[in-house]
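Just so you know, all these numbers are worked out from the coordinates, no wet-lab data involved. Everything quoted here is computed from the prediction, not taken from an experiment. When we count neighbours, we look across all protein chains shown, and the Cβ atoms used for this are built from the backbone with ideal geometry, even at glycine.
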Amino acid sequence: MPQKLLFVCLGNICRSPAAEGLVRDLCPEVVTDSSGTGAWHVGEPPYGPRQAAARARGTDMSDLRARQFTRDDFDRFDLILVMDHGNRANVEALRPAGDTTEVRLFAEYAGQAGVTEVPDPYYTRDFDGCLDLLEEAAAGLKRAL
């Protein structure tokens, strides 16, 4: 059975949909989804500048729509990959008692010393730098799978 991976960021319009798009292109045998810890953008497509930067590199994520992370995601996914420590804390706060689903920082798969978080390009405006890190993490994840 294929791995089921969930990528999580704050609003599910920049980092997590980009990670999902990159990994589903790189590992089509893996089931992917993404979500946000907040509900501000539920139902919206990924942020326009994020889509444009990803599309320039050959990744189309226009079909994705934002949704909010829920407790049920612990049952639905084998591995939950968060973009930063705040996302991790928000996800862990919803963990059902006794659940053992692994939650990891996605940036750690990039293998860059000291890098544990993916900076949010919605605020930094560095869409390409974020994609560089996400691509490295996606490649590292593929090797780990």
Point to revise | Check: segment 65-129 dipole with +1 on Lys, Arg Cβ and -1 on Asp, Glu Cβ, in debye | key: 200
**Study point:** Cα gyration tensor shape for segment 79-145, rounded if a/c is under 1.5, else prolate or oblate
**Key:** oblate
Revision key, fill the gap. Expected max-MSF residue from 78, 99, 33 in the GNM of the chain (alpha carbon, under 10 Å) is 99
**Study point:** Projected label distance in nm at residue 63 and residue 31, using a 7 Å step from Cα toward the beta-carbon
**Key:** 1.6
Point to revise | Label-point separation, residue 123 to residue 71 (7 Å along Cα→Cβ), nm | key: 2.9
Review point. Which residue, 93, 52, 19, tops the fluctuation ranking in a GNM of the chain built on C-alpha contacts under 10 Å?
Key: 93
Review point. Among 115, 103, 82, whose mean-square fluctuation peaks in a Gaussian network model of the chain (Cα, cutoff 10 Å)?
Key: 115
**Study point:** Identified option (computed Rg and Dmax of the Cα atoms in Å; candidates [x] 19.0, 54; [y] 15.4, 47; [z] 13.7, 43)
**Key:** [z]
Study note, to complete from the structure: Scattering profile of segment 57-106 from the Debye formula, Cα beads only, expressed as log10 I(q)/I(0) at q = 0.17 Å⁻¹, is -0.58
Point to revise | FRET E, pair residue 40, residue 85, Förster distance 25 Å, beta-carbon r, rounded to 0.05 | key: 0.80
Check your understanding: Once phi is turned into ³J(HN,Hα) by the Karplus curve 6.51 cos²θ - 1.76 cosθ + 1.60 with θ = phi - 60°, what whole-Hz value does each residue of segment 39-45 show in order, with x for glycine and proline?
Key -> 9, 4, 10, 3, x, 8, x
Practice item. Give me the distance between the Cα centres of segment 95-137 and segment 74-88, rounded to whole Å. Key: 10
